[in-house]
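The values are calculated or read from the model by the stated rules, or taken from the named source; none is laboratory data. Just so it is clear, the structure is predicted and the values come from calculations on it, not from any experiment. Heads up, the Cβs are rebuilt from the backbone with ideal geometry, glycines too, and the neighbour counts pull from every protein chain shown.
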């Protein structure tokens, strides 16, 4: 099971999610009261709501922490099973994901018009990915960027993997959900664009037992 949600963080939504009992880790980004900090707290509140939907266990029974690279983890003593989690935010958008299949990463990005996406791709992407950005501009850049960041979040290794200059993202399909091998490991990906300015990507690393039983069947991504 992979469950995810993306929503706009208006005042009403923040009050609703905050009242559900989830607290962001102490190391959440941004200074207290800043838009970045509010978005980070909102994303963790949304994560608590997803954990409740997935397990029926209220958010107050979960302990949310981070590893040294910022990957969140959710732990509880009240039910069995492992739930891998991820959060993201961009502008007023917040996103969260929960997986019982394997390590999960989610990334949401709002386009910023005027960015030198070809130059950024030249510094961060692999050769095939850079050529794809030259051919297709912002559409290709944000698709590749969000998928690379989702992979890095799933692995829990942080930003260096996003900009390591190696090809990592399949160039097809452009949107939808699919499975493929990357560096000898099977990944499940999803990329979508709910509007012209927003890109949402998920990446899930499948464990060996899942690969052997369903080698070419990507999981359902439930929103």
Unmet requirement for residue 160, which otherwise passes all of (1) modelled with pLDDT of 95 or more; (2) within 27 Å of residue 39 (Cβ to Cβ)
(1)
Boolean, residue 113 is exposed (fewer than 14 other Cβ atoms within 10 Å of the Cβ) and under 20 Å from residue 5 (Cα atoms):
no
Does any residue of the stretch 147-156 turn out to be part of a loop (DSSP other than H, G, I, E, B) and either more than 17 Å from the chain's Cα centre (by Cα) or buried (at least 20 other Cβ atoms within 10 Å of the Cβ) (or both)?
no
Answer yes or no as to whether residue 161 is surrounded by fewer than 22 Cβ atoms within 10 Å (Cβ to Cβ) and farther than 24 Å from residue 74 by Cβ.
no
Do the conditions hold for residue 98, that is, is it within 11 Å of the chain's Cα centre (by Cα) and either at negative phi or assigned to a strand (DSSP E or B) (or both)?
yes
